[in-house]
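Shown next, in structure tokens, is the structure this report addresses.
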Amino acid sequence: MVALLAVLAGALAVLAPSPAAAAEDDPPPLTITRYPDKFPWADAVIDLPWTGAVLKDGTVCPGGRIDFTPNPDYPSFGRATVGNFNYSIRLEESGGVTTANAREAIVQLSCQRSDNYIGTNFHYLYYFKWSGSKNSSKGAYYPVVRDFITSGDASSSSTHLVTFIDGRVGAIDVRHFLYQRGSWLRTFTWTADGFVANVPLPFYPEADTPPV
């Protein structure tokens, strides 16, 4: 898999306001696909993998179903605005991590307040689950979270950014850039308990705690 570089300018740009997701009383159906490697992440309807993600200022970013649309300036990013929050989604890598042939994807989900640009980028490993019976040709795949990986500050004055993420069978390498402290490269190994980092992130160990 090819390593990707995520810079702050791009992360903030894709979190700019966009058309709101569908009203809660009439949610759109979740996006499914017959071809997991072609899943349209930037144009997908998904349920966020948290109920309420706490941002660094204490604000709780709501979960729920989000209808993303591609950003015209950055088509690989999907975006949506709900209330006072801007959301974005981006496929970072696809391919097997837990096993060589697994249908999996490393995905960045972001939430940012629209009034003060306080936000967080959350990185997850998804897998694709078949919705039909085991031996039936009728059905489709839909993405399900396999595990949380780590997170980075997506605020206008970020303290720690994920600038590099590269998956391979059994592990994911992640580089954080810490403001005024430099870069830290860590390896998250896949275990029976999920991803385990070889060392905590210095100064910001909370980056490895998933939102709930």
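Results, tabulated for the structure shown:
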read-out	value
Karplus-derived HN-Hα couplings along region 107-115 (A = 6.51, B = -1.76, C = 1.60, θ = phi - 60°), whole Hz, x at Gly and Pro	10, 9, 10, 10, 9, 9, 5, 7, 9
Pair K56, D73: separation of 7 Å Cα→Cβ label points (nm)	2.2 nm
Accessible area (Å², per residue) of region 97-212, counting only protein heavy atoms and a probe of 1.4 Å	47 Å²
Apportionment of accessible area to carbon and sulfur, the chain, percent (1.4 Å)	55 percent
³J(HN,Hα) computed for each position of region 183-190 - Karplus, 6.51 cos²θ - 1.76 cosθ + 1.60, integer Hz, glycine/proline x	9, 9, 9, 10, 10, 9, 8, 7
List T209, T98, ordered by accessible area with a 1.4 Å probe, largest first	T209, T98
Ranking by accessible area, most exposed first, for V174, V144 with a 1.4 Å probe	V144, V174
Cα-Cα P(r), the chain, percent of pairs per 5 Å interval	1, 7, 16, 20, 21, 17, 11, 5, 2, 1, 0, 0
Amide H contacts under 5 Å for I32, placed H, 5+ residues apart	none
Placed amide H near A53: partners under 5 Å, 5+ positions off or other chain	C61, G63
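The values are calculated or read from the model by the stated rules, or taken from the named source; none is laboratory data. None of the values given here were measured: they were computed from a predicted structure. Using ideal geometry, Cβ is built from the backbone for each residue, glycine included, and neighbour counts are taken over all protein chains shown. Heads up: the accessible areas ignore ligands, DNA and RNA and are worked out on the full protein's heavy atoms, side chains in. Shrake-Rupley method; radii C 1.70, N 1.55, O 1.52, S 1.80 Å.
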